[in-house]
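Report on one structure; see the data block that follows.
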Amino acid sequence: MNEDQRLLFLSSSSHFPPPQGVKLSYGTSGFRADASILQSTVYRVGILAALRALKTQSVIGLMITASHNEVSDNGVKVADPSGGMLSQDWEPFADTLANARDPQHLVELIAEFVKKENITLDGAKPVEILLARDTRPSGEFLLEAAKQGIGSIIGAVALDMGILTTPQLHWMVRARNGGVKASETDYFKRLSSSFRCLVDLSPSGTHANNVDDKLVVDGANGVGGEKLEILKTMLNGLAIEVRNSGKEGGVLNEGVGADYVQKEKVVPFSFGSQDVGIRCASLDGDADRLVYFVVPSTSSNKIELVDGDKILSLFAIFIKEQLSILNKEIDVKAENGYQCRLGIVQTAYANGASTDYLKQLGLEVTFTPTGVKYLHEKAAEYDIGIYFEANGHGTILFSEQFLCWLKARTTELSDVAKEQHKAALRLLAVSELINQAIGDALSGVLLVEAILKYMGWSIQRWNELYQDLPSRQLKVKVVDRSAVVTANAETVAVTPPGIQEAINAEAAEHPRGRCFIRPSGTEDVIRVYAEASSQDAADNLAQSVAKLVDQFLGFGSS
């Protein structure tokens, strides 16, 4: 590091002292906290993003958002060249950078890191970092801190992309690094044209009833509602009404949004008796999560939830069907054959009924620990990997090898096999429509709508694929959460000794009983998930396992 660079770091970082008594940790959602204490952290993540751009010699993204959190919170995360999340091996450096006590210590840490990573700080190779934020009022001043951080590295250029959904920014980073045009207009054009292509490829004569021509979307009073208003003007054959778009004066994520709807299972604000039987959907604050729901009656505010597990099942059925059509009469050993490996990836929080259903379809289902980074990494091992969490975050990944084969096969089939040709075109359209960088509620909505149209299904028919098993989640305060170590994708507690046997004994007392515990990633609590054939049984199982956790690890245990 030359003297000019060192002095630039010292001078700019002196304007962003870290908050006293706060230790921040970079997780799946980046750094997230009350917006009032985040300025120093966002400045330092600006430095991190610029160093990542120099290391990879690629465009990097920096997003300012706290997703489904309340409006007073904010956060910041980095998008890697693939459009995915920051490489896990850089997370420890993100932590040490954010928590450096003063400018001198910060510069020492950077100097040590760039030497270890062989990063040259001389400005000879300029790099670009795309910046965006959601609609939170705190986003503006935090964006300035990010620009200062990026600007403190000679040769790093910050490009402000404005207010975007998180998936839009991730998509832009992926597209830019792939040599594809990547403005917001390009994003909307890509989604609308691939949606139109999929709808045009629906079999003639399939159409749902008139009620199903309409979709009502809860925009969580966030950026997703704003962007959906633009996108819907570019769509034919789908009538979308956006509520809680943020223009009506509602508060971001307050009584609205995918997180609220999924956890509380009640109608969001501005929905009610007028929506009985209509297909409804809910986005979260930064539009990377999506759930559907039905208002079943006028007499209650309860909803029938169609969550991420059901969205995954819908996608899996459709893709499995297209692959079956495509492989009809193909000799997979011949040159034109391709044994496509389709994989479904879930976490232990997926409802057991969904896993059973997918396995009954003959699909390969694997599990990972909780967290999008684990799901995404596993899904990338397949030719087509589908992952979704029950909370509505997920996507579909297509391998480059499979897409190359599919494009070539589409050309071969154009004159000889009409149905197989259409199936190939549908799969290509899905690969264009779905956001392969990250879960994206806007592209997810369009894919759900196109598949329902293809199937000729109402939301009620979709929801009847299987009946969710009743479940209950609890958390237990403990002295030290690290005392619980898990294995088998967090489904088995290895320590403390004896606790898993005790959990198994409790689960065996209840029909279809299943229970697991795992340490929280952010607070000193152990999370308990229980499932059984009735709600009472699930509640009782959760309570009895929570008592076990308290006996083994709670404050009473010491």
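The values are calculated or read from the model by the stated rules, or taken from the named source; none is laboratory data. On a predicted model such as this, the values are computed, not experimentally measured, just so you know. Note that each Cβ is placed from the backbone with ideal geometry, even for glycine, and that neighbours are counted across all protein chains shown. For the accessible areas, the whole protein counts, side chains as well, though only heavy atoms, and no ligand, DNA or RNA atoms are used. Shrake-Rupley method; radii C 1.70, N 1.55, O 1.52, S 1.80 Å.
Here are some notes:
- Kirkwood-based shape ratio for region 276-387, expressed as Rg/Rh from alpha carbons: 1.06
- Along its three principal directions, the equivalent ellipsoid of region 315-441 from the Cα gyration tensor extends over semi-axes of 27, 15, 12 Å, largest first.
- Filter on K328/K422; K23/K477; K232/K407 - keep pairs with C-alpha separation over 24 Å: K232/K407
- In this simple spin-label approximation, E70 and Q360 carry label points 7 Å from Cα along the Cα→Cβ vector, and these lie 4.2 nm apart.
- Backbone geometry of region 348-363 corresponds, through the Karplus equation with coefficients 6.51, -1.76 and 1.60 at θ = phi - 60°, to 3J(HN,Hα) couplings of 5, 6, 4, 4, x, 5, 5, 4, 4, 4, 5, 5, 5, 6, x, 8 Hz, x marking Gly and Pro.
- Calculated over region 174-255, the projected area of the Cα convex hull averaged across directions stands at 7.3 nm².
- The apolar share of the surface of region 1-87, taken as the fraction of accessible area on carbon and sulfur atoms (1.4 Å probe, ligands and nucleic acids excluded), comes to 49 percent.
- When the convex hull of its Cα atoms is projected in every direction, mean area for region 239-328 (nm²): 7.2 nm²
- Residue among H376, F141, V528 farthest towards the positive dipole end of the chain, charges placed on Cβ: H376
- Å² of accessible area per residue within the chain, as computed with a 1.4 Å probe and no ligands counted: 40 Å²
- A straight chain from E464 to S273 at 0.36 nm per residue would run longer than the Cα-Cα distance by 66.6 nm.
- Of the solvent-accessible surface of region 449-556, computed with a 1.4 Å probe and all protein chains present, 48% belongs to carbon and sulfur.
- Helix-derived mean residue ellipticity, 222 nm - over the chain, DSSP H n ≥ 4, -39500 (n - 2.57), to 500: -12500 deg cm²/dmol
- Region 1-132: Rg to Rh, with Rh as the Kirkwood radius over Cα pairs: 0.94
- Over region 396-516: Kirkwood hydrodynamic radius from C-alpha pairwise inverse distances, Å: 19.4 Å
- Carbon/sulfur fraction of accessible area - region 249-336, other protein chains in place, 1.4 Å, %: 48 percent
- Neighbourhood charge, 15 Å Cβ-Cβ cut-off, centred on R190 and excluding it, Lys, Arg +1 and Asp, Glu -1: +2
- If you wrap the chain in the convex hull of its Cα atoms and look at it from every side, the mean projected area works out to 27.6 nm².
- Taking only the C-alpha atoms of region 380-456, Rg followed by Dmax gives 13.5, 43 Å.
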